[in-house]
Amino acid sequence: MLKVLKFGGSSLADADQFRKVAAIVKADPANRFVVASAPGKRFPEDVKVTDLLLECYQLARAKKPIDEPFGKIETRFREIIADLGLNLSLESEFATIRLVIKNRAGRDYVASRGEYLNSMILAEYLGYAFLDAEDSIFFTEEGVLDLARTDSSLEVLLSEAGRAVIPGFYGSMPNGTIRTFSRGGSDISGSIVARAAKADLYENWTDVSGMLMADPRVVSNPEPIPCITYRELRELSYMGASVMHEEAIFPVREAGIPINIRNTNCPEAPGTMILSSGENAPAPNHVITGIAGKVGFSAIYIEKALMNGQKGFGRRVLQVLEEHQISFEHLPSGIDTMTVVVETAALKPELDAVLAALKKAVDPDHIAVHDDLALLAVVGRGMVRSEGTAFRVFRALAEAKVNVRMIDQGSSELNIIVGIDAAHYAKALDAVYREFVK
Ligand code: ASP
């Protein structure tokens, strides 16, 4: 058994959190590789070290002194080291980083230093080797992850190290400069390390006990999701349920490595298990695995008599959107009607141009835009080929007096997506949840 553990910023925010992390890591000899984030918030108003670093970067660019934010960063690391009683000094690292930032280092280099320093401390505390991501995670010339190169070099480095801490969030470009993933990207690093190590499990340690079946800000006390498949997770996270960086799924998914979302502050909770397929997943507790949703959509409604007989009608409509850099979410259509659901924020600035272009492209009998649409995704592997789920979703919505404006069921039968008035969003989410979870 071999496990890779990734700890997020709040799990490594101060010495007390480091102690919890060490207890978790040391509890099982299978815990060989640890990926660390930069120190996160210790309390709600606190500032993440990554944000302090980015402030330094902005100041340096504006040729202003960085002492204030940089001093805060040094203090945070010094406090952790002192509080843990470590025989480690990062003073020369601080001096180098300070100088490089002043000399106008690149943004990604600056942003990555929180992970770099924190991982050095954690490696020392655990007695593990420190393996710099700069030497083991590689990007291509275009700035995308070079998975093949990373996999082969990382696999060797990890097996040589035996037990190691690897900083999350960054790697290097072919010319050796540092490149980071987007914010929250240590999740991706963890996934990459798990893949290269051929781990049996990727544990992603955060500050919540896994995923919940619905947004707790909308539904009171939603049940946790004990087990979810990658596909279900993708559907829910696309619709706004966030527990991990979206791109973190792909490296381990391909390798068939399960992910376990765990809580550093409550290690006894089993968290959420994310599995590659439904076959090895236990039967779900409920027909649905979860519900997520988003507001802020618009529907472009196009009507044209005898549309169904026209060749290329849909293509011309979508081409107009493409030319205006707008991606579409859903495309429900009728015999003489076609509706394109898009994000309002993307459509708004282009609205007049898009409408004019559509009129020119397809000469519609009628065209209109309806705003204030919310989308609700009801997701569950238990729904596949089981009767009555759609009926229950719509009954719940009808009983809550929510008017359904659009329906879309993925061909996988894994999800039912309904478009409703944004004003009814909370009511609808709650009603569907209560229908399935009594
Ligand atoms: N420290 C980085 C951030 O705040 C990356 C991470 O924590 O995953 O976004």
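Descriptive notes on the structure:
- Selected residue (only one of 108, 151 is within 16 Å of the ligand (Cβ to nearest atom), part of a helix (DSSP H, G or I) and acidic (Asp, Glu)): 108
- Filter result (outside any loop (DSSP other than H, G, I, E, B) and either open to solvent by less than 20 Å² (accessible area, probe 1.4 Å) or within 13 Å of the ligand (Cβ to nearest atom) (or both)) within the range 154-171: 154, 158, 164, 165, 166, 167, 170, 171
- Qualifying residue in the range 112-134 (condition: within 19 Å of the chain's Cα centre (by Cα) and in contact (Cβ under 8 Å) with a residue 60 or more places away in the chain): yes
- Among residues that are open to solvent by 10 Å² or more (accessible area, probe 1.4 Å), part of a helix (DSSP H, G or I) and closer than 19 Å to residue 3 by Cβ, residue 124 is not included.
- Unique match (being buried (at least 21 other Cβ atoms within 10 Å of the Cβ) and either assigned to a helix (DSSP H, G or I) or free of Cβ contacts under 8 Å to residues at least 60 places away in the same chain (or both)) among 75, 50: 50
- Restricted to the range 127-148, and to residues there that are assigned to a helix (DSSP H, G or I) and within 16 Å of the ligand (Cβ to nearest atom), the residue that is nearest to residue 15 (Cα to Cα) is 133.
- None of 140, 96, 180 is of a type in the set (S, T, N, Q) and touching a strand residue (DSSP E or B) at 6+ places or on another chain (Cβ under 8 Å) except 180.
- If you go through the range 231-279 and keep only what is of a type in the set (D, E, K, R) and either open to solvent by less than 20 Å² (accessible area, probe 1.4 Å) or in contact (Cβ under 8 Å) with a residue 40 or more places away in the chain (or both), you end up with 231, 232, 235, 247, 254, 262.
- Residues of the range 303-338 satisfying the condition of being within 34 Å of the chain's Cα centre (by Cα) and over 30 Å from residue 234 (Cα atoms): none
- Within the range 199-210, tally of residues that are more than 15 Å from the chain's Cα centre (by Cα), assigned to a loop (DSSP other than H, G, I, E, B) and of a type in the set (A, V, I, L, M, F, W, C): 1
- Considering the conditions (1) in contact (Cβ under 8 Å) with a residue 12 or more places away in the chain; (2) open to solvent by 10 Å² or more (accessible area, probe 1.4 Å); (3) more than 13 Å from the ligand (Cβ to nearest atom), residue 206 is excluded by exactly one of them, (3).
- Pairing each residue of the range 174-202 that is under 28 Å from residue 100 (Cα atoms) with any residue that is away from the ligand (no atom under 13 Å from the Cβ) and of a type in the set (Asp, Glu), provided the two are 6+ apart or on different chains, yields C-beta distances under 6 Å for 174/141.
- Residues in the range 395-413 that are of a type in the set (D, E, K, R), modelled with pLDDT of 90 or more and not in a loop (DSSP other than H, G, I, E, B): 395, 399.
- Residues within the range 391-402 that are open to solvent by less than 40 Å² (accessible area, probe 1.4 Å) and in contact with a strand residue (DSSP E or B) (Cβ under 7 Å, 6 or more places away or on another chain), tallied: 3
- Qualifying residue in the range 83-105 (condition: touching a residue at least 60 places away in the same chain (Cβ under 8 Å), within 14 Å of the ligand (Cβ to nearest atom), closer than 23 Å to residue 10 by Cβ and open to solvent by 40 Å² or more (accessible area, probe 1.4 Å)): no
- Subset tally (residues that are more than 13 Å from the ligand (Cβ to nearest atom), under 18 Å from residue 252 (Cβ atoms) and not in a helix (DSSP H, G or I)) for the range 172-198: 2
- Candidates 55, 115, filtered to the one that is within 16 Å of the ligand (Cβ to nearest atom), charged (D, E, K, R) and touching a Gly at 6+ places or on another chain (Cβ under 6 Å): 115
- Residue match in the range 27-37 (condition: of a type in the set (A, V, I, L, M, F, W, C), more than 19 Å from residue 261 (Cα to Cα), more than 16 Å from the ligand (Cβ to nearest atom) and modelled with pLDDT of 95 or more): no
- The lone criterion from (1) open to solvent by 90 Å² or more (accessible area, probe 1.4 Å); (2) touching an Asp or Glu at 6+ places or on another chain (Cβ under 9 Å); (3) of a type in the set (D, E, K, R) left unmet by residue 360 is number (2).
The values are calculated or read from the model by the stated rules, or taken from the named source; none is laboratory data. Note that the structure is predicted; figures quoted are calculated from it, not measured. All Cβ positions, glycine included, derive from the backbone under ideal geometry; neighbour counts span all protein chains shown. When the accessible area is computed, the model is the full protein with side chains, heavy atoms only, and any ligands, DNA or RNA have been set aside. Shrake-Rupley method; radii C 1.70, N 1.55, O 1.52, S 1.80 Å.
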